[in-house]
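Structure record follows, encoded as structure tokens.
The values are calculated or read from the model by the stated rules, or taken from the named source; none is laboratory data. Since the model is a prediction, treat every value here as computed from it, not as a measurement. All Cβ positions, even for glycine, are placed from backbone atoms using ideal geometry, and neighbour counts span all protein chains on display. Side chains included, ligands, DNA and RNA excluded: accessible areas come from the protein's heavy atoms. Shrake-Rupley method; radii C 1.70, N 1.55, O 1.52, S 1.80 Å.
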Amino acid sequence: MAKKQNLKYIFVVGGVMSGVGKGIATASIAKILQARGFETTAVKIDPYVNVDAGTMNPTEHGEVFVLDDGMECDQDMGNYERFLDRGLTAESYMTTGSIYLSVINKERNLEYHGLCVEVVPHIPLEILNRLQKAASKNKAEIILTEIGGTVGEYQNILFLEAIRILKLKKPKDVILVLVSHLPSLSAGSELKTKPTQYAVRTLNSAGLQPDIILARADVALDKKRKNKIAFNCNIYEEDVISAPNVENIYEVPLNFEEDNLSQNILGKLNLKPRKKDLRKWQNMVKSAKSRKEVKIGIVGKYFSAGDFILSDSYISVIEAVKHAAFAFKVKPNIEWLSSEEFEKNSQKLKNLSNYDGIVIPGGFGSRGVEGKINVIKYCREHKIPFFGLCYGLQLAVVEFSRSVAGLKGANTTEVNQNTPHPVIDILPEQKKNLSENKYGATMRLGAYPASLKKGTIAYEAYKEHLISERHRHRYEVNPEYVAILSKKGLVFSGFSPNRHLMEIIELPKEKHPFFVAVQFHPEFKSRPLSPHPLFKEFIKTSLNKK
Ligand code: GLN
């Protein structure tokens, strides 16, 4: 029998500044190695003390991504799932907080057998321990680990220490990739390499030397710049990979292959290259190049962080819209609509007719809620394709209750505890959590099954009786109102198998071309090579509106 190959590790760190696309770079490297026939997985380590990403505000941190097992994590986990076309689990995500928490718990349980437990080596060893668990859970031959933050910060120094320890033990099985950024003072002017040189020196002072530098920049690197980085950063020129901005993130793996990156990495890890297959991926990227457009408005509130628009808060929704649009060979033109602007301004509402479809994604709290309800009413009355996600479903139920079922003052108890008609109410098990101030990882989280009703839009889209979708909420459709809302024409087309929880609502096709909302987050399961069935149905109807 052939000797079992050692597990191979690739670490990805960022230099110069944050937000240069480490997540996409990590996902893309994972993709090209997977396309070479290697079992590949990816892990994200975040430097903050939060135990998971669940308690952070989206404008602070971007979207909170949810895995099947309920882990609330960083949006990069979504990139890994989308690029690898695989579901991941809690083992593949860690934060400084979660690492310390498990070391402290182990110490309390005497698992260190009387040792003095120290930051070094016990924290880095715990990190390495977890990487092994993630690899074995995913049966991986190669594990990529993305270290959050930027080299030179105090926060991630222990992660660098973990890499150093592992490289020392297994020099042939570990490589380090630095994703750097080359600024230029104005468009067309010279790309500057000095910040990259400083980033490498900082890595050197942590006892590390990058094996590959991915040079992010507005444009591709010229030979001279590659040479300069190679010479000053102590690496070979072929190990400097040009990573210019792209219009479509799914092009990145193909760009990396232009520089023969998979071949290069496999060589460094002493792995024999296998046959490459990126055909499906190439076709998907080609479909995205179409000129024909579908115009989708997303109504939300997590946009403003100072003067910047943070579409990061809804990244999976954007990607899911893109995947579905690519399936019909059209380009999505996504516009952000701030819910608060629809609260009083009826002129603004009229502009909604300029869109082929409207999405109301998830959300929390009362800000902007009446604006969203006005948008839903307008879409319902003017037959504009409407797709509601989580809070989007709850507010669609509120709107229908008020305007169609005649339940005056109907609301969700999240917004008004004293509403005469609590059509959306807190899940019974959630009451206790809130009264005890238990907010971390206590929502209804992760994958739950739902049964679909035959003959509905939902059933036609999924073509299945039983589905599984990811959740993240504390409130639900109040069971006491289901009968009356059904009688008034609202169709409950998906529900938990025991029929206690409502999962999908819709209006019959004769009444509205696409008025569908879901209690779960379908966006978390959409992948570029397998778009989500409901997003596909939504885009298809939106194209018909044209
Ligand atoms: N705020 C709502 C709830 O907690 C909806 C949550 C969401 O949209 N993810 O139930």
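Tabulated results
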read-out: Residue ranges of strands (runs of 3 or more DSSP E) in region 430-546 with at least 3 members among the aliphatic types (A, V, I, L, M) and more than 13 Å from the ligand (Cβ to nearest atom); value: 444-452
read-out: Yes/no for Asp277 being open to solvent by 30 Å² or more (accessible area, probe 1.4 Å), within 25 Å of Pro183 (Cβ to Cβ) and either more than 25 Å from the chain's Cα centre (by Cα) or of a type in the set (D, E, K, R) (or both); value: no
read-out: Tabulated pairs, region 399-415, first open to solvent by 20 Å² or more (accessible area, probe 1.4 Å), second at pLDDT below 95 and away from the ligand (no atom under 16 Å from the Cβ), C-beta under 6 angstrom, 6+ apart or interchain; value: none
read-out: Residue in region 231-243 that is in contact (Cβ under 8 Å) with a residue 24 or more places away in the chain, open to solvent by less than 20 Å² (accessible area, probe 1.4 Å), under 24 Å from Leu84 (Cβ atoms) and touching a Ser or Thr at 6+ places or on another chain (Cβ under 8 Å) present; value: no
read-out: Residue in region 507-516 that is modelled with pLDDT of 95 or more, in contact with a Pro (Cβ under 8 Å, 6 or more places away or on another chain), open to solvent by 10 Å² or more (accessible area, probe 1.4 Å) and farther than 18 Å from Gln394 by Cβ present; value: yes
read-out: Qualifying residue in region 383-400 (condition: farther than 17 Å from Met502 by Cβ, more than 30 Å from the chain's Cα centre (by Cα) and either within 16 Å of the ligand (Cβ to nearest atom) or β-branched (Val, Ile, Thr) (or both)); value: no
read-out: Single condition Leu352 does not satisfy, out of (1) within 16 Å of the ligand (Cβ to nearest atom); (2) touching a Gly at 6+ places or on another chain (Cβ under 9 Å); (3) under 15 Å from Phe515 (Cβ atoms); value: (1)
read-out: Condition check for Lys432: surrounded by fewer than 20 Cβ atoms within 10 Å (Cβ to Cβ), among the basic types (Lys, Arg) and free of Cβ contacts under 8 Å to residues at least 60 places away in the same chain; value: yes
read-out: Residue within region 64-71 that is more than 22 Å from Arg444 (Cα to Cα) and either hydrophobic (A, V, I, L, M, F, W, C) or under 14 Å from the mean Cα position of the chain (by Cα) (or both) present; value: no
read-out: Any hit, region 37-44, residues being at pLDDT 95 or above and farther than 25 Å from Asn270 by Cβ; value: yes
read-out: Any hit, region 403-425, residues being of a type in the set (Lys, Arg), outside any loop (DSSP other than H, G, I, E, B) and either more than 16 Å from the ligand (Cβ to nearest atom) or at pLDDT below 95 (or both); value: no
read-out: Number of positions in region 20-51 that are in a loop (DSSP other than H, G, I, E, B), in contact with an Asp or Glu (Cβ under 7 Å, 6 or more places away or on another chain) and open to solvent by 20 Å² or more (accessible area, probe 1.4 Å); value: 1
read-out: Test: residue in region 367-375 that is free of Cβ contacts under 8 Å to residues at least 40 places away in the same chain and within 16 Å of the ligand (Cβ to nearest atom); value: yes
read-out: Long-range neighbours under 6 Å by Cβ, at least six apart or interchain, first residue farther than 23 Å from Cys73 by Cα and at pLDDT 95 or above within region 445-474, second among the polar types (S, T, N, Q) and more than 16 Å from the ligand (Cβ to nearest atom); value: Lys453/Ser493; Thr456/Ser493; Ala458/Ser493; Leu466/Ser451
read-out: Candidate set: region 446-481, residues that are of a type in the set (A, V, I, L, M) and open to solvent by less than 30 Å² (accessible area, probe 1.4 Å); chosen: the one nearest to Gly406 (Cα to Cα); value: Val477
read-out: Filtered residues of region 244-274 (kept if among the small types (Gly, Ala, Ser) and either exposed (fewer than 13 other Cβ atoms within 10 Å of the Cβ) or in contact with a strand residue (DSSP E or B) (Cβ under 7 Å, 6 or more places away or on another chain) (or both)); value: Gly267
read-out: Answer from Val246, Val252 - the residue that is in contact (Cβ under 8 Å) with a residue 60 or more places away in the chain and either touching a helix residue (DSSP H, G or I) at 6+ places or on another chain (Cβ under 6 Å) or among the hydrophobic types (A, V, I, L, M, F, W, C) (or both); value: Val252
read-out: Residue tally, condition out of contact with any Pro (no Cβ under 6 Å at 6 or more places or on another chain) and in contact (Cβ under 8 Å) with a residue 60 or more places away in the chain, over region 357-366; value: 6
read-out: Some residue of region 348-356 being modelled with pLDDT under 95, open to solvent by 10 Å² or more (accessible area, probe 1.4 Å) and either assigned to a strand (DSSP E or B) or in contact with a Pro (Cβ under 8 Å, 6 or more places away or on another chain) (or both); value: no
read-out: Entirely in region 54-111, the helices (runs of 4 or more DSSP H) that have 1 or more residues that are open to solvent by 30 Å² or more (accessible area, probe 1.4 Å); value: 58-61, 96-108
read-out: Verdict on Lys329 being surrounded by fewer than 22 Cβ atoms within 10 Å (Cβ to Cβ), more than 16 Å from the ligand (Cβ to nearest atom) and assigned to a loop (DSSP other than H, G, I, E, B); value: yes
